Structure formats: C-alpha cells, structure tokens
C-alpha cells in the first residue's frame with residue numbers, strides 16, 4: 001500500500017469521524033456502556049474471589065481430645081500435625097485454656113462451669129490450613145487423615161463450606177454468563193450502529209468501488225474509525241469504573257461498614273488495559289463486519 | 001476492444017440478455033439502444049463487472065471479465081469510466097473532490113490531483129467551478145461533473161448509461177458533444193440511450209436490443 005493511499009485512508013477516517021459525529025458518538029457510547037458493565041461484573045467477580053480466598057485461608061479445624069489422653073500424647077499429636085505440609089499453624093488448647101476463653105466471653109457461665117468441673121470442656125488442637133488445602137475436598141481429606149483414637153471429635157464445618165463454595169461457583173457462573181451476554185449485545189449494537197454509518201455513506205462507497213478502489217482501501221478507514229471508537233469507548237469505561245468505585249462502592253463500603261475482605265478492590269492495571277483492548281477489538285470487529293456486509297452486496 | 005461471444009445473462013427464468021455476440025473496435029463510438037427492459041443497462045453493467053454473464057464469454061481489452069475474481073475487479077474499473085443517468089455524485093463533496101475521487105483512491109498526490117481536476121473540468125466546460133457542491137448545479141452541469149470524474153484517469157473505455165435521460169434537449173446536446181470530444185481523443189465510448197433524436201444528431205454505430213436479444217449490430 002503506497003504512502004498516498006495511506007494518506008487517503010487517514011483523511012477519509014478523520015473526515016468521516018467528524019462528518020458522522022453523532023453516529024460515531026453513539027457507537028462510542030455503546031462500547032463504553034458495554035465495557036463499563038463488563039468491568040463492573042469483573043470487579044464484583046474479582047472481589048468475590050478475593051473474599052473466598054480470604055475465607056479459604058482462614059479455614060480452621062478443631063480436633064477435640066478424649067479426656068483420658070495424657071498430655072504428653074496430646075503434644076505428640078500436636079507436633080505430628082504440625083509436620084503436615086498442609087498445615088500452617090497448630091495450637092494446643094488445654095481444658096483450662098478453653099474454660100478461660102469461654103469465661104472471658106460469658107462470665108455468667110462461671111457457676112455452671114464450676115459445677116461441671118475442670119473437664120467440662122475438652123482439650124483440643126486448633127489447626128489452620130494452607131490456602132491451597134482450603135477447598136472443601138481438601139479439608140474433608142485432611143480431616144479423614146487426622147482421625148485418631150485419641151481424638152473424640154473433629155469439627156471442620158464441612159457442610160457450611162460446601163454450601164458456600166457451591167453458592168460462589170453459581171455466582172461466578174452467573175457473572176460469566178452475564179458478562180458474555182453483555183459483550184455479545186454490545187457487539188450486536190455496535191455492528192448496527194456502524195451499519196448506519198456505512199448506510200449513510202453507501203453512495204460514496206459505491207462510487208469508490210466503481211472508480212476502482214480496492215476493498216482494502218474502502219475498508220481501512222472504517223477500521224480506523226472502529227479502532228478509535230473502541231479506544232475512546234474503553235477510556236470512557238475506565239473513567240466510569242473509577243467513578244463507580246470512588247463514588248459508589250467505597251462510600252457504600254464505609255457506610256455499611258463492610259470490611260469482610262479488606263477494601264473492595266478495583267480491577268488491576270492489566271485487567272483495565274485488557275478492557276480497553278477489548279474495546280478496540282470490539283470496534284474493529286464491528287466495523288469489519290459492517291463493511292464486509294456492504295462489500296458483499298456492492299456491484 | 002470489447003468482444004462478446006454468445007453471452008447470456010439470466011435472472012431466474014428471464015433472459016436479460018440472450019446469446020449476444022458483438023465486437024466493438026478500439027476508439028469506436030457505439031450506441032446501445034432499445035426499449036426499456038431490452039438489456040441495455042445489463043450489457044453495460046457486464047462491461048464494468050457489476051454483473052457476470054450466465055453463459056458465454058466477455059473480453060474487455062483482451063481480458064476475460066467473467067474470469068476476474070470480485071476482489072480484483074478494481075483493476076478492470078481503473079481502465080473504464082462510467083457515467084450514470086442519475087450522475088451518482090456525492091452531495092457532501094464539492095465538484096473537485098467528486099472528480100478527484102478516482103485519483104484519490106489510487107493514492108495520487110494531492111497536487112497532481114488538483115492539477116488534473118482543473119484540466120478535466122476545463123474539458124467539460126466547468127473550469128473554476130471546483131469549489132461548488134453538486135446540489136447547487138444544474139442537471140447538465142452535474143452530468144458534466146460525472147463525465148469529468150469518469151475520464152480523469154484517462155480510461156480506454158467510457159460507458160454512459162442513459163447519460164442524457166434526466167436532461168433537457170440543450171443540456172443533452174452539451175453532454176453528447178463532450179462525449180464526442182472524448183471519443184475523438186481515442187477513447188472507446190459506448191452510450192446506452194433510447195433517445196432517437198440524439199442518435200440522429202450524432203450518428204454512430206447502433207447496437208439495438210429487444211427482449212434481451214441483439215437485433216441490429
């Protein structure tokens with residue numbers, strides 16, 4: 001492609017952007033809105049995953065000893081558990097420690113506990129698992145491995161963890177489906193908007209074909225327009241995401257005192273860059289499809 | 001320059017052209033005539049590659065047009081100028097931009113485009129009118145702009161589909177005189193028309209069609 005043709009393409013693209021300002025603004029707005037929705041969906045998904053990760057990391061297992069197990073065997077068991085690579089922390093809690101802990105929180109039970117005697121609460125090991133061992137399957141497997149005649153009961157909240165993970169998987173699936181639908185709807189809307197631009201200029205495009213323009217010469221200005229719409233749309237979506245995060249999410253978090261997983265995070269720089277690139281791809285794809293459709297029908 | 005061998009163009013059950021064989025010499029001026037629906041426009045559309053023959057062979061400048069892939073049709077069209085009854089001018093582009101479009105898509109430098117646009121506007125009697133817009137021009141002037149656009153890259157063939165169909169008598173004569181002048185410079189000119197008076201005033205070879213068949217060559 002010669003320099004002259006390149007100049008022609010650039011001139012056509014810039015001129016068309018200006019001449020079809022309204023339609024181009026609509027296409028850009030549609031891209032921005034779609035990417036904003038996708039961005040919000042991704043942000044929600046990312047924060048949910050972070051929440052799950054943080055809860056996974058905090059998976060604790062309590063293993064309660066029989067009363068008649070000597071303290072030396074309890075310590076042996078503690079040391080044995082600590083050797084397991086899946087374990088990041090293990091703490092021995094004696095009957096007395098357990099009683100103190102309970103009394104700290106419910107002083108009114110003092111009389112009851114005195115009547116029950118020092119063996120009212122069993123000694124236990126409080127085990128913290130590594131994040132990678134925090135999935136329901138891994139926790140259950142660890143609990144099975146832990147089983148021992150000295151241990152009376154192992155509590156790892158199996159049912160709750162399974163239900164919660166199933167719920168989060170469903171949420172992630174919904175977010176993925178919703179994000180895909182939004183993206184497809186955006187492609188459809190942008191293609192139709194670019195179709196309007198092409199329709200608006202069909203007389204000019206027909207004449208270009210008749211005087212010997214190549215398909216590439218006709219298509220390229222539209223691709224540049226689509227690229228510009230996508231990049232500007234992506235940029236606007238980032239501004240929208242920042243606005244939503246600063247003005248809505250953070251204020252809501254403060255107002256509701258939501259600090260379950262730390263501050264609700266915005267998308268990473270890489271994800272934001274990906275969002276802008278998705279805008280560029282969306283703009284290019286829509287422009288290419290619209291012009292290809294015209295060219296397939298042109299004489 | 002143009003050769004058709006047993007060319008048929010069929011739309012469904014209807015033959016728009018039927019078994020047409022004809023030869024047009026280089027530098028000739030030829031009328032394609034006949035009543036509405038005779039096949040005049042189909043014949044011209046085939047020559048610039050907008051329509052492909054269903055049967056037969058069509059050579060333009062020695063090249064088999066029906067064998068050119070759609071994506072390469074631009075090569076043929078750069079050697080053929082086309083003028084339409086409805087002018088096909090772009091209303092939002094001025095006269096100079098309309099005329100220069102054929103050079104612009106080739107990547108011709110702007111200064112060269114400007115020079116050649118001025119020259120060709122002189123040929124069609126519109127010198128100094130390049131800054132005006134098509135809607136402000138008369139029908140005859142618009143058709144002269146269309147002719148200027150068609151000849152700016154010196155095509156070897158000029159096809160005109162009812163170029164005087166929307167013009168009154170005086171304007172039609174003006175346009176025909178321009179086409180005649182272009183033909184005298186060596187360009188093969190083929191004009192589709194059903195204006196008998198015009199053909200009498202500018203007598204050239206006539207290809208007469210009726211119902212898609214060539215009845216006089």
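Any read-out appearing in this document is the output of simple, stated calculations on the displayed coordinates, not a laboratory observation. Everything quoted here is computed from the prediction, not taken from an experiment. Reconstructed Cβ throughout: ideal geometry from the backbone, glycine too, with neighbour counts over all protein chains shown.
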Which residues in segment B:1-31 have a backbone N closer than 19 Å to a point placed 7 Å from the Cα of residue B:54 along the Cα-to-Cβ line? B:4-22
Grab the beta carbon distance between residue A:11 and residue A:167, set R0 = 51 Å, and tell me the FRET efficiency rounded to 0.05. 0.35
In whole angstrom, largest first, the equivalent ellipsoid semi-axes that the Cα gyration tensor gives for segment A:60-155 are 26, 15, 11
Per q in 0.13, 0.24 Å⁻¹, report the Debye log10 I(q)/I(0) for segment B:62-163, using one uniform scatterer on each alpha carbon and no solvent. -0.46, -1.31
What spacing in nm lies between the two simple spin-label points modelled at residue B:184 and residue B:119, each 7 Å away from Cα in the Cβ direction? 1.9 nm
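Over every pair of different alpha-carbon atoms in segment B:114-217, take the mean of 1/r and invert it; report that Kirkwood radius in Å. Can you show the working numbers first?
Values: mean 1/r = 0.0684 Å⁻¹.
Evaluated over segment B:114-217, this radius sits at 14.6 Å.
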If one compares the long axis through the Cα atoms of helix B:139-151 with the longest principal axis of the Cα atoms of chain B, the angle in degrees, nearest 10, works out at 80 degrees
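Let me have the relative contact order for chain A, percent, based on Cα pairs under 8 Å that are six or more residues apart.
32 percent
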Once you have the Cα-Cα distance between residue B:217 and residue B:91, take 0.36 nm times their residue separation minus that, and quote the gain in nm to one decimal. 41.5 nm
Listed with the fewest Cβ neighbours within 10 Å leading, B:31, A:22 appear as A:22, B:31
Quick calc, residue B:210 & residue B:166: beta-carbon distance into FRET formula, R0 25 Å, rounding 0.05, result 0.55
With the crude spin-label approximation of a point 7 Å out along Cα→Cβ, what separation in nm comes out for residue A:78 versus residue B:199? 11.4 nm
Taking the 0 to 90 degree range and rounding to the nearest ten, how far is the long axis of helix A:95-105 tilted relative to the main principal axis of chain A, both from C-alpha atoms? 60 degrees
Cα-based Rg and Dmax for the protein assembly as shown, where Dmax is the largest Cα-Cα distance (Å): 40.0, 130
Model label zone, residue B:79; criterion: amide N under 13 Å from point 7 Å along Cα-to-beta-carbon; scope segment B:12-30: B:26
Grab the beta carbon distance between residue B:72 and residue A:192, set R0 = 35 Å, and tell me the FRET efficiency rounded to 0.05. 0.70
Length released on extending from residue B:111 to residue B:11, taking residue separation times 0.36 nm less the Cα-Cα span: 31.4 nm
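Rounded to the nearest angstrom and ordered from largest down, what semi-axes does the equivalent ellipsoid of chain B get from its C-alpha gyration tensor (root of 5λ)?
Sorted largest first and rounded, they come to 29, 20, 15 Å.
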Can you give me the angle between helix A:21-57 and the longest principal axis of chain A, using Cα atoms only, in degrees from 0 to 90, rounded to the nearest 10? 10 degrees
Expected unfolding gain across residue A:144-residue A:22 under the 0.36 nm per residue rule, minus the alpha-carbon gap, is 37.3 nm
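Using alpha carbons only, what's the Rg to Rh ratio of segment B:1-109 with Rh from Kirkwood?
1.00
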